Amino acid sequence: MACSLKTGLSVSGSNQTFPRSKTKGVLQLSPSNHYLQFTDSHSKDFLGKPMFVADHKGLRDWNSKPSSKFAIHAQSSICVSKALRWWEKTLKPNMIEIQSAQELVDSLLGAGDRLVVVDFYSPGCGGCKALHPKICQLAESNPNVIFLKVNYEELKKMCHCLHIHVLPFFRFYRGAEGRLCSFSCTNATIKKFKDALAKHGTDRCNLGPTKGLDESELLSLASIGEISINSPFSSTKEEKMEDLVLKNIDLIGALGKASNDKMGLEEEKKGAMLLA
């Protein structure tokens, strides 16, 4: 018998809807007015799991067959309160929550010569939660650095294309150099993050267009529809392909000319030998 626990309890095979009690937890049958209620516990204990309620006289009013117990499949909608959303706390102006793969691509390309730190995290990751306050402090003390936060649970397809398999994980990008380094660290190894920030955080000018993600990663994201085929990298790639074709044409022409010159020299040698 399926039950929905969003606004009350309803049992399949019956037109009755049962109110939810004020407390959350174990489901019980009230012998007086035949409705289901909770005793104090945590709702996540029964989330998506079958529960069994002992047989009771009141069951005859539900027109169900006599049985020692019957199963109830319960579902609960869990709403995380804003107070518990640790990844949204103490964010600084230079910390941006990424909502899509396209936004990540555009943010990296639009950063110019500024250092960009991409922070991959998960709301359920204890290490990510413990490290978050320190990352916020480092973001505050380095206002010229852009911190892009990527929620792994919300953007799993993109993270798989970028080969992110451990959390918390960080990638550093800058201008024409593209990706500078990538690593995982925790509170115990925060020095690794600080050292990378000190090494790559100094102001410098990079010649050439901003690179952002690797071409293989961009193509992988485009192949699964995570980014548009009209994204900024498309025109750049077409230009590179055109340059490559032109270079090949020039190379073929040069090889052909060299071959003709060689044949001409051989003919001249043969003519000189005949004259001799």
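The values are calculated or read from the model by the stated rules, or taken from the named source; none is laboratory data. Bear in mind that the values here come from a model prediction, so they are computed numbers and not experimental data. Note: ideal-geometry Cβ built from the backbone for every residue, glycine included; neighbour counts use all protein chains shown.
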>> Of the residues Glu217, Glu239, Glu267, Glu177, only one is surrounded by 10 or more Cβ atoms within 10 Å (Cβ to Cβ), out of contact with any helix residue (DSSP H, G or I) (no Cβ under 7 Å at 6 or more places or on another chain) and either within 18 Å of Val150 (Cα to Cα) or modelled with pLDDT under 60 (or both); which?
In response: Glu239
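In the set Val118, Val145, which member is touching a residue at least 12 places away in the same chain (Cβ under 8 Å) and closer than 20 Å to Ser100 by Cα?
Going through Val118, Val145 in turn, just one is touching a residue at least 12 places away in the same chain (Cβ under 8 Å) and closer than 20 Å to Ser100 by Cα: Val118.
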> Do the conditions hold for Asp195, that is, is it farther than 21 Å from Gln99 by Cα and modelled with pLDDT of 95 or more?
Replying inline: yes
> Going by the conditions given, is Ile98 assigned by TED's automatic domain parsing to the domain that holds Met158, at negative phi, free of Cβ contacts under 8 Å to residues at least 60 places away in the same chain and touching an Asp or Glu at 6+ places or on another chain (Cβ under 8 Å)?
Replying inline: no
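What's the total number of residues in the range 199-211 that are within 14 Å of Tyr173 (Cα to Cα) and either more than 25 Å from the chain's Cα centre (by Cα) or exposed (fewer than 13 other Cβ atoms within 10 Å of the Cβ) (or both)?
7
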> Are any residues in the range 106-120 closer than 19 Å to Asp203 by Cβ and not in a strand (DSSP E or B), and if so, which ones?
Replying inline: Leu108, Gly110, Ala111, Gly112, Asp113, Arg114
